[in-house]
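Take a look at the structure below.
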Amino acid sequence: MKFKKLKNILNYTEEQKSIASVNLRAGEIVKVKAFAGTGKTTTLRALAEANPQKKMLYIAFNSSVAKEARKKFPFNVECRTSHSLAYAEFGYSYKNKLSSTVRPHEIMKLLNIDSYGYANYLIGVVKKFCASDDNDINENHLIVTEESAEEYKLRKRKEEKDVDLIIDQAKTLWKLMIDKNSAIPTIHDIYLKLYQLSKPKLDNKYDVLLLDEAQDTTPCVMDIFKNQNCCRVLVGDDHQNIYTFRGAKNALTFSANTEKYLRQSFRFGQVIADAANDILILKKEKEKIIGTQKKSVINRVDVKKPFAILSRTNGYLFDEAVKHLHIKGKFGFIGTYAKDNYSPLNAYKFQSILDIYFLSTNNKFSIKNQYIKSFNHYGEFLKTVNDPDAPDIELKSCLNIVQRYGASIPNLITEICKKCVDPKNAFIKFSTAHKAKGMEFDQVKLTDDYLILVESVELDEGAQKVFDTASGTVKEERKCSRINKLAPDLEEKEEEINLLYVAITRAKRVLELNDKTREYFKYIKNKSE
């Protein structure tokens, strides 16, 4: 029996043992749906330990996860990212021109483009192509799924342009980016795309592929994965699919030969597990997360102890940072680094808040964000950002901050930056739900900018006869009351629901809800009584 090969067998749950005992047959797909905090890595390690004769490749979501995995997995597992696989084949030859980004001004002259915004749009088209499993740039890559105000402006302009011309210009940009002698930088997704187009054969070296975070896999990576003849294991959480704006798709929707679940969370107690389950009611999830025996509560965080504040948008984090400036403890913004003095200016777009303020005071010289600088005046910016057809959540959030704090903004940003340290050493950790994915905190406070799940509506209870003491007559009055009901069109807002689920499931001991989400839980409780 395979269990004999497992180390620390008593520490594994029955679900984990069941997954470790799966037969890993060539050509088959095994799918593991793992809820938040259920020990994915531990389970995959058990699977590897149970099959020491099989050479495995663990494909991690990012390099830091791969680095940690190397410390935990046994000798028969190689831990890589999809980019590191591609770098070995293609990326190394671009090492002298690799860059994390391409700036619009770098391509404008070569492509004979006079619009900064349009150049930025073309870069976006190439990025969308890189995330796809297509062999060539086509009209599908011009479609914007989650529009920013900038993309909306460009789409309106695009409708007046020749689509074939846009595709040709994007293809020219692609060719320049893959040209080793071109002055235009090569971003990392370029060599990953080249790797996918080369149809690599990983099954010549590995018996099993383990794809982590499968719910946020780009079609490009999934194409590499599915075109192998070895056994392939998909692991992830459907409800943590939050990167569709980057071109990611949920690979867990694919059919599999074997499907397993991990329901037992080791992160939080049943109270927080129940909160997560109540959110998943909105997605008609039939399986339930099981909490640990640890005590967990839904209550206000204890501000005398370290805690984390998780938001939907960057603007709300600014608001929370200002509210907590009086606390002696240091601030830490997740995803900031020593080279930037752990500043949130770029990582959390506080620079955009500052730039919008400068635009509002007609100080365009001080603006660093080229898109914000491209507006002729503040009024034009307001018109674009407030356009109902261009729902840019982030810019609207930043604009609200500028309108709320006005001339205090430069000084507030300076004071916030003074309190910033390495997030590991911070008393208050700040993060968006996106950046907090994969992390956990003892205490979590949610901001007010998550999706509204219930709304209050007026209920007409009909006419009632009422005796009027003043006139001594009976009159008819209509009686109305207010009730809560689910907000409309929630089925179309799956990713926003996922973000709330991710935020809630970061908490280990204490979860402080925002008012909107608290109302939803009251609604669910009343329905069940």
Next item on the list: Inspect the stretch 269-279 for any residue being assigned to a loop (DSSP other than H, G, I, E, B), closer than 25 Å to E14 by Cβ and touching a helix residue (DSSP H, G or I) at 6+ places or on another chain (Cβ under 6 Å) and give the result as yes or no.
Entry: no
Next item on the list: Given the conditions (1) under 19 Å from I401 (Cβ atoms); (2) touching a Ser or Thr at 6+ places or on another chain (Cβ under 8 Å); (3) modelled with pLDDT of 95 or more, report the number of the one that S360 does not fulfil.
Entry: (2)
Next item on the list: State the number of residues belonging to the stretch 84-95 that are assigned to a loop (DSSP other than H, G, I, E, B) and without any contact (Cβ under 8 Å) to a residue 60 or more places away in the chain.
Entry: 1
Checklist line | Residues that are without any contact (Cβ under 8 Å) to a residue 24 or more places away in the chain and crowded, with 16+ Cβ neighbours inside 10 Å, drawn from the stretch 50-83 | finding: A66, C79, R80, T81
Check: If you scan the stretch 341-381, which residues turn out to be surrounded by 14 or more Cβ atoms within 10 Å (Cβ to Cβ) and acidic (D, E)?
Finding: D355
Checklist line | Odd one out for V221, checked against (1) touching a residue at least 40 places away in the same chain (Cβ under 8 Å); (2) surrounded by fewer than 24 Cβ atoms within 10 Å (Cβ to Cβ) | finding: (2)
Notebook entry, point to check: Within the stretch 333-360, can you find the residues that are in contact (Cβ under 8 Å) with a residue 24 or more places away in the chain, part of a loop (DSSP other than H, G, I, E, B) and either of a type in the set (S, T, Y) or not assigned by TED's automatic domain parsing to the domain that holds I413 (or both)?
Noted result: T336, Y342, S343, Y348
Check: What about I298, is it out of contact with any strand residue (DSSP E or B) (no Cβ under 7 Å at 6 or more places or on another chain), surrounded by fewer than 22 Cβ atoms within 10 Å (Cβ to Cβ) and either among the aliphatic types (A, V, I, L, M) or on the phi > 0 side of the Ramachandran plot (or both)?
Finding: no
Note to self: I'm trying to understand the selection: among the residues of the stretch 409-444, which are surrounded by 19 or more Cβ atoms within 10 Å (Cβ to Cβ), in contact with a Lys or Arg (Cβ under 8 Å, 6 or more places away or on another chain) and charged (D, E, K, R)?
What the structure shows: K419
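The values are calculated or read from the model by the stated rules, or taken from the named source; none is laboratory data. All of these numbers come straight from a predicted model, not from anything done at the bench. Glycine also receives a Cβ, built like all others from the backbone with ideal geometry; neighbour counts cover every protein chain displayed.
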